[in-house]
Every structure is written in structure tokens, then in C-alpha cells.
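As C-alpha cells, the structure follows; a few thoughts come after it.
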């Protein structure tokens with residue numbers, strides 16, 4: 001049942017990944033699930049830039065150096081994490097969205113559709129026993145300086161993928177859905 005998949009999905013961070021590769025076919029399956037997310041007026045705003053292999057090293061260098069150049073509170077720990085996480089992952093996907101200039105949809109709807117695409121990816125990766133994590137460091141606003149982006153395209157974060165060993169922790173919620181729901 002899909003509810004069990006939703007309840008069991010977890011963030012799996014790059015530090016938890018093992019050295020097993022995620023294949024191009026696995027990545028394409030995960031991306032295909034994104035393409036079936038709900039989208040208002042069928043704008044399909046999601047766009048993805050896949051870093052798989054050597055390009056992950058360049059991504060790590062860009063993220064860490066951009067962080068170093070733009071932060072007011074530099075941390076060596078954060079710098080190293082930004083440098084290492086893309087390489088610890090088997091794959092990193094830049095999550096972007098592209099606004100259709102012919103449509104007058106609010107930006108939030110396009111971002112929401114892209115987030116739903118990422119949820120599809122996350123659930124698919126979970127079902128494939130591939131760990132995933134969506135990180136949105138502040139430097140994503142500079143991604144157009146590293147990768148070619150179309151007019152109106154923005155980066156929302158990075159989707160890290162990697163295989164992992166062991167069990168994932170049980171999920172918890174602070175309160176029940178009944179406590180968050182008002183029946184009218």
C-alpha cells in the first residue's frame with residue numbers, strides 16, 4: 001500500500017551512503033517518476049541537472065568555494081561538508097523549475113509542482129532501496145554561474161542519492177492528523 005511507503009520513507013544523508021553505485025538506469029527510473037507529478041495547466045515546470053561521476057567533484061568545488069566567497073560566518077566544517085557531500089553521494093541532481101512565460105500561474109504553484117515531482121522521486125528511490133536527501137543550501141541561488149540555465153529557471157536545491165547499509169529509523173510525528181484537521 002502506498003501509505004506504508006510514504007510512512008517508511010526517510011532522509012538518508014550522504015554520510016550514510018556506501019560505495020555501491022547508482023546506475024544510470026536507476027536514476028532514469030527515479031526521474032521518470034518525477035515526470036508524473038501533478039502540475040497545474042500541465043506546465044511541467046520541473047527541470048533536473050544530473051551530476052553523476054566526475055562532474056560531482058566539480059559540483060563540490062563550486063558549492064564549497066561559493067559558500068566561502070558569499071558567507072559572512074565562514075565555517076571550515078560547512079566548507080568541507082559542501083566539498084565532500086557531492087562525492088559521497090552516488091549521484092546528485094540539481095532540482096530546478098522553469099516558469100512558462102506564456103502562463104500566468106503563480107510562482108508558488110510551479111514550486112509546489114516541482115516539490116511534488118521530488119516527492120515522487122523520493123518515494124521511488126525508497127522503493128528501490130536507494131537513500132535520498134533534498135538539501136537547499138543558500139548557494140543554490142548562484143547555480144546559474146556553474147550550469148547553464150534557461151531564462152526564468154531557478155535552482156531549488158540538490159537531491160542526493162546513494163545506496164546504504166542497515167535499517168532506517170522508525171518515523172514519528174509530533175501530533176496526529178486529527179490534531180491538525182478541522183472538519184467544517
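Binning every alpha carbon pair distance of region 77-184 at 10 Å from zero, what are the percents per bin?
11, 33, 33, 18, 4, 0
Counting other beta carbons within 10 Å of each Cβ, put 116, 1, 121, 83 in order, fewest first.
Least crowded to most crowded, the residues run 1, 116, 83, 121.
Which order do 84, 153, 179 fall in if you start with the one that has the fewest other Cβ atoms within 10 Å?
Working: 84 14, 153 17, 179 8.
Listing 84, 153, 179 from fewest to most nearby Cβ atoms yields 179, 84, 153.
Would you kindly calculate the translational diffusion coefficient of the chain, applying Stokes-Einstein with the Kirkwood radius from alpha carbon pairs, for 37 °C and a viscosity of 0.692 mPa s, and quote it in µm² s⁻¹ without decimals?
Values: Rh = 17.6 Å.
Estimated via Stokes-Einstein, D reaches 186 µm²/s.
Can you sort 74, 51, 158, 13 from fewest to most other Cβ atoms within 10 Å of each residue's own Cβ?
Values: 74 11, 51 21, 158 25, 13 17.
Listed from fewest to most nearby Cβ atoms, that is 74, 13, 51, 158.
Using Cα centres only, tell me the gap between region 51-70 and region 80-138 in whole Å.
Between the Cα centre of region 51-70 and that of region 80-138, the gap is 17 Å.
Whole number please: convex hull volume per residue of the Cα set in region 4-68, in Å³? Numbers along the way, then the final one.
Working: hull volume 10.9 nm³, N = 65.
In region 4-68, the Cα convex hull volume per residue is 167 Å³.
Once you place label points 7 Å from the Cα toward the Cβ at residue 128 and residue 167, how far apart are they in nm?
So the label points at residue 128 and residue 167 sit 2.6 nm apart.
When the chain is fully extended, how far beyond the present Cα-Cα distance does residue 76 get from residue 184, taking 0.36 nm per residue of separation?
33.7 nm
Throughout, read-outs are computed from the coordinates displayed, never taken from laboratory work. This is a predicted model, so every value here is computed, not measured. Backbone-built Cβ (ideal geometry, glycine too); neighbour counts: all protein chains shown.
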